[in-house]
Amino acid sequence: MSGHKVLLVTGGSRGIGASVCRLAARDGWQVVVNYAANREAADGVVEEIRAAGGTALAVEGDVGTEIGLASIFAAVDGAFGQLDGLVNNAGIIGMPARVDEMTTERLDRMFAVNVIGSIRCAQEAVRRMSTRHGGRGGAIVNLSSMAALIGAAGQYVDYAASKGAIESFTVGLAREVATEGVRVNLVRPGIIDTDIHASGGLPDRAQQSVAVIPMHRPGTADEVAHSILYLLSDAASYVTGAALNVSGGR
Ligand code: NAP
């Protein structure tokens with residue numbers, strides 16, 4: 001164990017999560033870069049951090065399964081023996097569809113990853129960080145989406161609803177652990193230029209959406225990551241249960 005704090009970023013291999021890992025390492029965090037399948041991308045983030053003199057570890061694990069969660073937290077405990085921050089970033093969308101077309105399998109997976117996965121990671125984090133459990137405190141940042149407020153009709157209402165669940169969870173958990181040294185907040189990205197749109201069958205979505213964004217451009221992963229880093233930092237020591245829109249005014 002060193003003096004540096006330990007941060008777990010779920011889905012740290014690409015997009016917003018990868019930016020959080022890079023910027024956090026620059027701020028002195030030791031970073032656990034979780035990924036589901038893309039080992040090469042995770043290794044790339046780790047190599048970049050190490051080349052810059054930071055500490056990082058790539059850890060495979062699907063947050064939508066108990067086996068994945070067990071291996072993530074076994075790796076955190078084994079490598080660092082402490083946890084000071086969690087960014088619940090791993091998230092999925094589906095192909096554009098109406099609610100009356102969605103399969104049960106799709107809904108199960110959406111909620112297993114985006115909701116249960118985030119709640120389970122937060123549980124494990126609180127067990128390690130809360131002063132009630134002998135921990136030294138910490139911070140959790142959850143990834144919601146402007147979709148939680150807008151509903152994403154005709155595209156992915158299931159995804160929007162999963163982020164709605166994250167919003168309620170954030171407020172509730174923040175109040176539950178407020179006296180235990182643990183702060184819990186969320187960011188609501190708008191349309192950010194990452195791979196997620198291609199995984200939902202709309203690779204050009206970010207560029208094609210500029211007309212509905214007041215700033216007339218998609219956001220970057222780094223722009224979201226900076227807000228997350230603020231919420232993790234001591235500069236946000238009196239901020240808990242809060243939501244920060246990072247959406248170019250949308
Ligand atoms: P992305 O580019 O698609 O990257 C997703 C990351 O999550 C990858 O590192 C991926 O790992 C990982 N991941 C996916 N499923 C996982 C699982 N079951 N277990 C562990 N890791 C998993 O996504 P992004 O755009 O950066 O989005 C990150 C978060 O921001 C998500 O929660 C998303 O809902 C939210 N968000 C994004 C936008 C946007 O416009 N981009 C807007 C609002 C909210 P692999 O590399 O191994 O596949």
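The values are calculated or read from the model by the stated rules, or taken from the named source; none is laboratory data. Bear in mind the structure is a predicted one, so any value in this text is a computation, not a measurement. Quick reminder, even Gly has a Cβ in these numbers, built from the backbone with ideal geometry, and neighbours come from all protein chains shown. All accessible areas refer to the heavy atoms of the entire protein, side chains included, with ligands and DNA or RNA removed. Shrake-Rupley method; radii C 1.70, N 1.55, O 1.52, S 1.80 Å.
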Legend entry - Dipole magnitude (debye, nearest 20) for the chain, charges at Cβ of Lys, Arg, Asp, Glu: 540 debye
Inset, instruction - Return the sequence-ordered ³J(HN,Hα) values of region 45-50 in whole Hz as given by the Karplus equation 6.51 cos²θ - 1.76 cosθ + 1.60 applied to θ = phi - 60°, using x for Gly and Pro. - result: 5, 4, 4, 4, 5, 5
Inset, instruction - Give me the net charge of residue 106's neighbourhood, meaning all other residues with Cβ under 14 Å from the Cβ of residue 106; Lys, Arg count +1, Asp, Glu -1. - result: -3
Inset, instruction - At 0.36 nm per residue, minus the direct Cα-Cα distance, what do residue 67 and residue 123 gain on full extension? Give it in nm, one decimal, please. - result: 18.6 nm
Legend entry - region 85-95 - phi-based ³J(HN,Hα) in whole Hz, Karplus 6.51/-1.76/1.60, Gly and Pro as x: x, 9, 10, 7, 9, 4, x, 10, 10, x, 5
Legend entry - For region 176-250 and region 31-73, distance of Cα centres in Å: 21 Å
Legend entry - Area of residue 95 that stays accessible when all protein chains are in place (1.4 Å probe, Å², to 10): 110 Å²
Inset, instruction - For residue 92, list long-range residues whose amide hydrogen, built 1.01 Å from N in the peptide plane, is under 5 Å from its own amide hydrogen. - result: 114
Inset, instruction - Would you grab the residues whose amide H sits under 5 Å from the one on residue 156? Only those 5+ places off in sequence or on another chain, please, with H modelled 1.01 Å from N. - result: 97
Inset, instruction - Note down the magnitude of the dipole of region 97-204 about its Cα centre, charges +1 on Lys and Arg C-beta and -1 on Asp and Glu C-beta and zero elsewhere, to the nearest 20 debye. - result: 640 debye
Inset, instruction - Return the long-range amide H neighbours of residue 245 (sequence gap of 5 or more, or a different chain), with a cut-off of under 5 Å between placed amide H atoms. - result: 188
Inset, instruction - Quote the FRET efficiency, to the nearest 0.05, computed for residue 198 versus residue 43 with a Förster distance R0 of 25 Å and r equal to the Cβ-Cβ distance. - result: 0.75
Inset, instruction - Normalising by the residue count of region 1-99, find the relative contact order in percent from Cα pairs under 8 Å and 6+ residues apart. - result: 33 percent
Inset, instruction - Calculate for the chain the 222 nm mean residue ellipticity that helices alone would give, adding -39,500 (n - 2.57) per DSSP H run of length 4 or more and normalising by residue count, nearest 500 deg cm²/dmol. - result: -12500 deg cm²/dmol
Inset, instruction - Convert each backbone phi in region 141-153 into a coupling constant with the Karplus relation 6.51 cos²θ - 1.76 cosθ + 1.60 (shift: θ = phi - 60°), then list the ³J(HN,Hα) values in order as whole Hz, x for Gly and Pro. - result: 10, 9, 9, 9, 6, 4, 4, 4, 8, 8, x, 6, 4
Inset, instruction - Can you pull the one-decimal nm distance between simple spin-label points at residue 103 and residue 207, each 7 Å off the Cα toward Cβ? - result: 3.2 nm
